[in-house]
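Shown next, in C-alpha cells, is the structure this report addresses.
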Amino acid sequence: MSENKRCSNLETAVEGRNLVMERTFDAPKELVFKAFSESDQLASWWGPQGWQTENRTFEFEPDGVWHYCMRCVDEGQGDFYGQESWGKAVYQEIEAPNKIVYSDVFTDEKGNAVEGMPEIQASYIFQDQDGQTKLIVRNQFASVETLEAIMDMGIVQGFSSQMDKLDDHLKRVQ
C-alpha cells in the first residue's frame, strides 16, 4: 500500500481513487462477518462514536438493499447533535464469511440518492489470522478528487471510530 497512515488501530492507504483501510479484530472471522450480516448486530455498532443507526430496510442478499439512518445522539458533538445521515447500500456480492461487496450512496429518508454526493463502491474482505480476523476495506470513488473531498470530510476518522465500536461489540458478543 502507498501513503500508509495509521489512525488508532486502523491502517490506511490511498491507491489512486481507492481508499484502503485495514484493521485486525480479536474475534473469529465468522463472528466478525455476522456483525455485518445480521441487522440487529449491524445497527448496534454501525456509525461513528456518539451516533446510533436505525436499519429501515435490510436485505442481506445479492441485489438486496440496506437503507439506514445514522443519528447523532451525543450532545457533546455540538452542531452534529440531532443530525441525521441517511444512506443506502445495494449488495452486489456476498461470499459468507469471506467477502461483502456493495455500492453505497447518501440518500434522503425515502432512499433517493442525494445529488452531488459521491457513490462509494465498497469491498469488505474478512481474513482468518489464527483466530483473529483481518478486515480489509477497499472504498473506490469515481475520481481522485472525489476521494480527496471525502477524506477532507473525515472519512478515515469516522471509520476508525466506527471500527472501535465494532471492536467493543465483538467483545460483548463473544
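The values are calculated or read from the model by the stated rules, or taken from the named source; none is laboratory data. Everything numeric in this text was worked out from a predicted model, so none of it was measured. In this analysis, Cβ positions are derived from the backbone assuming ideal geometry, glycine residues included, and neighbour counts consider all displayed protein chains. Accessible surface is based on the protein model in full, side chains and every heavy atom, while ligands, DNA and RNA are left aside. Shrake-Rupley method; radii C 1.70, N 1.55, O 1.52, S 1.80 Å.
Calculate what fraction, in whole %, of the accessible area of the chain sits on carbon and sulfur atoms when a 1.4 Å probe is rolled over the protein chains. It would help to have the intermediate numbers written out before the result.
Working: 3960 of 8940 Å².
It is 44 percent, rounded to a whole number.
So between E109 and E38, what do we pick up on full extension, going 0.36 nm a residue minus the alpha carbon distance?
Numbers: separation 71, 0.36 × 71 = 25.56 nm, distance 2.17 nm.
Roughly 23.4 nm would be gained on extension.
For the set E15, E119, the ranking by accessible area, highest first and with no ligand, DNA or RNA atoms included, is E119, E15 under a 1.4 Å probe.
As a calculated quantity, the FRET efficiency between E148 and Q174 at R0 = 30 Å, using C-beta atoms, amounts to about 0.20.
In the structure shown, the pairs K34/K99; K88/K171; K29/K88; K34/K134; K110/K165 are assessed against 21 Å; a Cα-Cα span above that value is assigned to K88/K171; K29/K88; K110/K165.
Got a sec? Charge dipole of segment 1-102, +1 on Cβ for Lys and Arg, -1 for Asp and Glu; which of S37, W86, P48 is way out at the positive end? Of the options given, the answer is P48. One chain, two ends: D26 and N9. Fully extended at 0.36 nm per residue, the span grows by 4.9 nm beyond their Cα-Cα distance.
Computed with every protein chain present, the accessible area of V105 is close to 30 Å² [probe 1.4 Å].
Note that the chain presents 51 Å² accessible area per residue, ligands and nucleic acids not counted, probe 1.4 Å.
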